[in-house]
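One structure is given here, and the rest of the page talks about it.
Just so you know, all these numbers are worked out from the coordinates, no wet-lab data involved. Just so we're clear, the structure is a prediction, and the values are computed from it rather than from any experiment. Positions of Cβ are backbone-derived with ideal geometry, glycine not excepted, and every protein chain shown enters the neighbour counts.
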Amino acid sequence: MSPRRAGTKGRRIVQQLVLVFFLVLLWVMLWDSLTVLSVVTGIILAFLLTRVFYLPPVVLSGRFNVLHALVFAVWFAYSLVLASVEVAWYAFRPKAVGAGSVIACDLRTRSDLMMTLVADTASLIPGSIIVDSDRAGGRLYLHVLDCDTEEKILAAKRQVYHIEELLIRALGSTRDLAALKVDPDPLDRSASSETPGGQR
């Protein structure tokens, strides 16, 4: 076997293992219980899914920045606690909760893996959930709780773009990093496209 073919085979094995790992992680999160039974059944189901059903290969970027991954982890933990307290307060405060909104966010990345990670992270933070996605256009649609003003809509979009930026800096490809430099603030892009004569 040639070294090139061996390298390709090794890369495919790594990609499959990454896919199995994330499927098991998703299974454990769905059950909301980290037990031996949930992990073992997750591994069995993940291997069955990857063998029986066709799934597109997970294309890895080939880079991982430990410092930015740590920044993402700390931010995510902080946001999770803050949003949980805020959503819990909605249940007890005397004032009624404002109407929710479905917002669209045009991501800068076109990577399936990055889009999935952004969608999962946004959904795991209480108060928002992904309701649809446009893979070809790189667009995510989120339902956000208590999002009835322009300021709240912009804040929700800003959070999604911040998640995207943190994930790209942690494990995005060079193409994703270049997209961050070209389009550092998507909200400016959205604002300019809504003004008369503005181009998207």
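Using DSSP to call loops (not H, G, I, E or B), can you name the trypsin sites (Lys or Arg not before Pro) in the stretch 80-187 whose Cβ has at most 12 other Cβ atoms within 10 angstrom?
K95, R135
How far, in nm, would the chain grow between V40 and R139 when pulled straight, counting 0.36 nm per residue and subtracting the alpha carbon separation?
Stretched out fully, the V40 to R139 stretch lengthens by 32.2 nm.
Would the stretch 74-200 count as rounded, prolate or oblate if I go by the C-alpha gyration tensor, calling it rounded below 1.5 in a/c and otherwise prolate when a/b exceeds b/c, oblate otherwise?
In terms of gyration-tensor shape, oblate.
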